[in-house]
1. Among the residues of segment 19-40, which ones are more than 13 Å from residue 74 (Cα to Cα), of a type in the set (Asp, Glu) and either touching a helix residue (DSSP H, G or I) at 6+ places or on another chain (Cβ under 9 Å) or not in a strand (DSSP E or B) (or both)?
2. Look at segment 273-308 and say how many of its residues are free of Cβ contacts under 8 Å to residues at least 60 places away in the same chain and under 25 Å from residue 426 (Cβ atoms).
3. Of all residues in segment 450-489, which are β-branched (Val, Ile, Thr) and part of a helix (DSSP H, G or I)?
4. Tally the residues that are β-branched (Val, Ile, Thr) and at pLDDT below 90, restricting the search to segment 298-324.
5. What about residue 81, is it surrounded by 22 or more Cβ atoms within 10 Å (Cβ to Cβ), under 22 Å from the mean Cα position of the chain (by Cα), in a helix (DSSP H, G or I) and among the small types (Gly, Ala, Ser)?
6. Just one of (1) surrounded by 15 or more Cβ atoms within 10 Å (Cβ to Cβ); (2) more than 30 Å from residue 381 (Cα to Cα); (3) at pLDDT 95 or above trips up residue 171, so point out which.
7. Go through (1) in contact (Cβ under 8 Å) with a residue 40 or more places away in the chain; (2) touching a Ser or Thr at 6+ places or on another chain (Cβ under 9 Å); (3) buried (at least 24 other Cβ atoms within 10 Å of the Cβ) and name the single condition residue 89 misses.
8. Limited to segment 251-299, what total is found for residues that are among the small types (Gly, Ala, Ser) and part of a strand (DSSP E or B)?
Amino acid sequence: MPVGDLIRANAEDAARSRQIFLRFGDHESTFGEYHRECCRWAAMFLARRRAGKPFHVGILLDNTPDYLFALGAAAIAGAVAVGVNNTKRDRHLADDIRHTDCALLVTEDRYLPVLSPVANETGVDGDQILVSRRWSEDGSVSRHGFTDLDDALSPFANAVDPLVGVKDTDAFVFLFTSGTVTAPKAVVCSHGRLVETGKNLGGHLYGLTAGDTGYIAMPLFHANSLMCGFMPALYYGAGLGMARRFSKTRWLEDIRRYRVTFFNYTGKPLAYILTTPPQPDDADNPLRICFGNEGSHGVVSEFEKRFGCRVIDVFGASEGGLGVTRQPGDPPGAMGMPAPGIIVVDESGKERPRARFDESGRLLNAAECVGEIVNTQGTAWFEGYYKNPDATADRTRGGWYWSGDLGYRDERGYMYFAGRDIEWLRVDGENFLGRPIEEILQRHPDVVLAAVYGVPDPDGGDRVMAALILRDGAAFDPRGFATFLDSQPDLSPKWMPTYVRISTLLPQTATAKVLKNELRRQKYRPDACVDPIHVRGRGEAYHPFTATDYQALLSRFATAGKASLLEI
């Protein structure tokens with residue numbers, strides 16, 4: 001069924017209609033109230049629909065009730081909701097909105113400073129940019145040349161369900177998977193895919209009933225929150241608590257406040273939460289299931305023990321082309337046992353040999369066993385990229401789904417994640433290319449060449465590392481370089497280099513192309529990289545990365561069961 005039918009069904013059920021669906025701070029909406037508000041928004045969207053333009057609604061918001069109202073309204077009105085990545089800046093932000101042909105854009109006053117300078121480049125008319133102040137954090141009065149959301153909604157106070165005909169095969173959302181500049185990739189997701197995902201996760205993995213409550217703290221422009229949080233709750237009539245943004249210090253307070261029983265995550269939230277001081281009553285909470293990806297074996301185990309819940313950590317793609325779920329008893333570091341047809345291949349599609357390990361668990365044949373993870377049974381739920389047929393064809397060549405992710409399998413068949421294609425990085429659950437970051441770094445007057453690549457993070461995924469060649473006579477100024485990066489308007493927070501390597505000559509081919517695979521191989525190992533390296537933590541300037549720092553990092557990898565990632 002289409003998503004709008006789920007919203008209607010919950011509102012038409014006499015008992016469920018009065019049940020609280022959404023909690024955000026002191027705000028509460030029942031399923032009936034949620035449906036009525038979505039109908040009001042849907043009527044407004046339909047009234048503003050422009051002839052000759054795709055009915056696409058961009059959503060540039062934090063996790064507020066308005067986000068879910070806009071999603072529900074798009075479902076009811078037959079529009080496509082475009083989840084705009086709110087960490088994008090400058091032309092990268094404008095490119096995503098323009099690429100997806102948004103005719104309407106819902107935003108909030110906090111994003112006006114980054115949206116206003118590029119609004120004319122988005123392709124959205126100024127009067128079609130709707131600005132909300134409902135959940136403003138500072139109470140200030142915004143001055144802007146766009147349309148106030150409350151003014152746009154006011155004529156539709158008594159709107160009824162427009163009952164637009166929508167099929168489950170119709171597109172419902174576009175979700176961006178990368179930070180590319182030249183060819184943005186927006187995954188097309190149909191109503192049917194979203195409903196089926198909510199049904200399967202909520203039933204088979206979460207065991208949801210109407211008495212459960214989820215917690216959405218991951219950004220709703222990402223597939224994780226939409227598919228693993230919103231849709232299971234909507235399908236099974238469960239409640240949802242919301243946080244504008246994830247906070248490791250507020251997480252447990254919200255779990256208790258909203259009586260949360262299931263929590264979805266992507267990236268490293270579990271590791272961040274574990275950095276808070278443990279309390280004797282941490283396990284005194286209603287949480288029973290956490291579902292997500294990139295949680296290391298050590299983090300998952302510690303989290304389960306500390307908070308008294310089960311963590312289901314999986315490997316999967318936003319495109320829906322394949323997935324692997326870790327099970328209790330799997331080898332440390334393994335992603336899990338893949339379904340038949342999910343294998344590891346070389347560039348020609350030939351299956352790679354199985355991995356071999358020594359008695360201490362060290363991988364012995366990485367060069368021959370690591371390859372791309374593919375689904376040879378088909379493309380599963382992948383429905384293509386919007387207006388990017390070349391990228392779609394590349395993902396589905398030969399009728400397979402090519403993930404772009406690297407891995408290997410042991411003799412028993414368990415799969416292990418080995419990284420991304422060399423030009424890609426994955427930080428805190430988000431994939432992006434290094435080239436746009438290189439362009440930003442090379443704005444610095446002393447930087448002649450920059451090469452950006454991913455290096456392993458003990459908590460999962462990558463950290464950004466940049467190798468720089470400076471102008472002759474220039475010296476690296478750690479504090480000044482941090483200040484320079486902080487001042488770049490189009491540098492997403494996730495793009496910030498954690499490690500900076502100062503080089504005089506980078507490994508390169510005969511045609512002077514930088515060998516990033518060699519840089520990644522050397523990583524930050526003091527025995528492989530003789531160049532000075534600087535590291536930066538949150539809110540800090542750069543400082544020298546010493547042998548002591550490396551030993552501390554090595555200990556973290558060992559604790560997480562991922563020491564093999566540091567091998568050359």
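The values are calculated or read from the model by the stated rules, or taken from the named source; none is laboratory data. Remember, it's a predicted structure, so these values are computed and weren't measured experimentally. Cβ coordinates were reconstructed from backbone atoms using ideal geometry, including for glycine residues, and neighbour counts include every protein chain displayed.
1. 26, 33
2. Matching residues across segment 273-308 total 10.
3. Pass one, segment 450-489, residues β-branched (Val, Ile, Thr): 452, 455, 464, 469, 483.
Scanning segment 450-489 gives a single hit, 483.
4. Of segment 298-324, the ones β-branched (Val, Ile, Thr) are 299-300, 311-312, 314, 324.
Among the residues that remain, those that are also at pLDDT below 90 are: 299-300.
Total satisfying the criteria: 2.
5. Numbers: surrounded by 22 or more Cβ atoms within 10 Å (Cβ to Cβ): yes; under 22 Å from the mean Cα position of the chain (by Cα): yes; in a helix (DSSP H, G or I): no; among the small types (Gly, Ala, Ser): yes.
Criteria not met by residue 81.
6. Condition not satisfied by residue 171: (2).
7. (3)
8. In the first step, residues of segment 251-299 are kept if they are among the small types (Gly, Ala, Ser); the result is 267, 271, 283, 292, 295-296, 298.
Restricting the remaining residues to those that are part of a strand (DSSP E or B) gives 292.
Total meeting the criteria: 1.
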